[in-house]
1. Six or more apart or on different chains, Cβ atoms under 6 Å: show the pairs whose first residue is in region 505-528 and closer than 12 Å to residue 487 by Cα and whose second is in a helix (DSSP H, G or I) and modelled with pLDDT of 70 or more.
2. Filtering region 366-383 down to residues that are more than 17 Å from residue 353 (Cβ to Cβ) and touching a residue at least 24 places away in the same chain (Cβ under 8 Å), which residue is surrounded by the most Cβ atoms within 10 Å (Cβ to Cβ)?
3. Of all residues in region 226-262, how many are more than 21 Å from residue 302 (Cβ to Cβ) and modelled with pLDDT under 80?
4. Taking residue 495, is it at pLDDT 90 or above, buried (at least 16 other Cβ atoms within 10 Å of the Cβ) and either farther than 25 Å from residue 471 by Cβ or within 35 Å of the chain's Cα centre (by Cα) (or both)?
5. Here's a check for you: in region 531-543, which residue that is farther than 17 Å from residue 564 by Cα and touching a helix residue (DSSP H, G or I) at 6+ places or on another chain (Cβ under 8 Å) is surrounded by the most Cβ atoms within 10 Å (Cβ to Cβ)?
6. I need the helices (runs of 4 or more DSSP H) fully contained in region 114-197, keeping only those with at least 1 residues that are modelled with pLDDT under 80 and in the same structural domain as residue 257 (by TED's automatic domain parsing).
7. So if I check each of 329, 306, 290, which one is over 30 Å from residue 3 (Cβ atoms), within 36 Å of the chain's Cα centre (by Cα), outside the structural domain of residue 534 (by TED's automatic domain parsing) and crowded, with 19+ Cβ neighbours inside 10 Å?
8. Restricting to helices (runs of 4 or more DSSP H) lying wholly in region 5-105: which have 3 or more residues that are within 48 Å of the chain's Cα centre (by Cα)?
């Protein structure tokens, strides 16, 4: 418990005073929990000696009532301190995780599943909250009772005090056994829960594909297997952990037998009064309860440990380095100098060099897997290059603050993601300070105002998670409106017309032309007809190297890779379903 609190205080040192205050409240509450037994002893002693009077009864009764009242007051003070502290701790950890995730390279997310991150931010955080709110006070009460009550009992009868604590050393090995068991299986449980959540998310998000290929049942079988594995881990966790727990409870209950045996022995020997005899029997029914509670509290503590470990691992992951007061680009030309980049061991770009002048249009062309999308992601510094430099305005982007760099860029991805919010809010992400008129103007420029106005709730229409209620072309135009609203000097387009039907392609091209006026535009194009007027075209080959650079006309005249790609697109336009089948075979 101490190690857990120490780690949490490293992340939130401002809570140290709150934890100490809460611990103090709980210690005082525990003392008041045991204090009434002193009045019971006095009552029994006076009763058996014949000196109990009505006045003493009132005094002892009032004394017990006061201690019970004080116990309740300090219990309330503890709860009113520790519960906000636990919630603050979880809130801060979530914000820390969210802030740190924002600074990590996209490579981190490629190696993690959505389910594992969801589990960390939601389920694992609740385990930490419960450890603070439930396990923390149980440990304090147990240690307070174990430390103070035997000392007090020594002044009553040292022989009976020793008999009372005899079982404590016997329980320690069982506690260690239980701790090791929970440490082993709680990690497995945490990992299994992450896999289950990931599979559930994939199953729901991919249900359309699964149904179309008649794989929904098969995929559900995989989910069922994972749930069964998670169930088996939980059963094993409880059943095997129940062995040391049961043995410990038996030993603690046997403590009363020790007390009874020695108490009768000393009583019959004439060395123990009846009042003390009864007092130890009553105390024996209470003193072991806090120790018993340690075992379920240990489960809560061990449930939180994998969570803390995963959070620590995430926060220890080095973010993309940046200068705290980095430079801001003064111009918006882009330069790659001998850039190489790999995804883990897979080489994607190799010794790539080119320049993109400010306020020009540059198209990236090449076969699938040639690194076109990677180039745009490196410009936005989603990853850092393995070697070489990427410069904006003559400055290495590593010398800039990432937020300042990204504030100068608008991006339209091929796979558009819209948030589960209104269309208005999804466009407003481009500029959180924009008023409604600017948002509507951006929508008009992106040629999406008309279809938005026809929706039942207009701009207040909810689009569903990922924009599920809209067509691909509609989502694409909303993402373009979002980029128009941002009005950044550098625009990165990843095949912006990929999801647009032919009837609307002209509208989208008009929207793009309106957006890119006087901007530095980098566009990834699969439809080569859309980039014939580009100022320059950079052609990447399948090895991630630059094959050629030039205008459309120059590259066609070179008869190189671009010319071959152009001819392939021309032939593709002539393709028809059933082409090549003669009339007889088609009958």
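The values are calculated or read from the model by the stated rules, or taken from the named source; none is laboratory data. Keep in mind the model is a prediction, meaning the values are calculated, not measured. FYI the Cβ positions are ideal-geometry reconstructions off the backbone, even for glycines, and counts take in every protein chain you see.
1. Within 6 Å, the pairs are 514/445; 515/484.
2. Our first condition is that a residue be more than 17 Å from residue 353 (Cβ to Cβ); within region 366-383, this holds for 367-369, 373, 377, 380-383.
Narrowing the set further to residues that are touching a residue at least 24 places away in the same chain (Cβ under 8 Å) leaves 367, 369, 373, 377, 380-383.
On the way: 367: 15, 369: 14, 373: 17, 377: 19, 380: 18, 381: 21, 382: 18, 383: 19.
So, considering only residues that are more than 17 Å from residue 353 (Cβ to Cβ) and touching a residue at least 24 places away in the same chain (Cβ under 8 Å), the one surrounded by the most Cβ atoms within 10 Å (Cβ to Cβ) is 381.
3. Residues meeting the conditions: 3.
4. On the way: at pLDDT 90 or above: no; buried (at least 16 other Cβ atoms within 10 Å of the Cβ): yes; either farther than 25 Å from residue 471 by Cβ or within 35 Å of the chain's Cα centre (by Cα) (or both): yes.
Criteria not met by residue 495.
5. Going through region 531-543, the residues farther than 17 Å from residue 564 by Cα turn out to be 533-536.
Restricting the remaining residues to those that are touching a helix residue (DSSP H, G or I) at 6+ places or on another chain (Cβ under 8 Å) gives 533-534.
Numbers: 533: 10, 534: 20.
Among those that are farther than 17 Å from residue 564 by Cα and touching a helix residue (DSSP H, G or I) at 6+ places or on another chain (Cβ under 8 Å), it is 534.
6. On the way: elements: 114-119, 125-130, 136-156, 158-165.
So the answer is 114-119, 136-156.
7. On the way: 306 fails: over 30 Å from residue 3 (Cβ atoms); 290 fails: over 30 Å from residue 3 (Cβ atoms).
Selected residue: 329, the only one of 329, 306, 290 that is over 30 Å from residue 3 (Cβ atoms), within 36 Å of the chain's Cα centre (by Cα), outside the structural domain of residue 534 (by TED's automatic domain parsing) and crowded, with 19+ Cβ neighbours inside 10 Å.
8. Details: elements: 16-34, 36-49, 54-103.
In region 5-105, 16-34, 54-103 are the helices (runs of 4 or more DSSP H) which contain 3 or more residues that are within 48 Å of the chain's Cα centre (by Cα).
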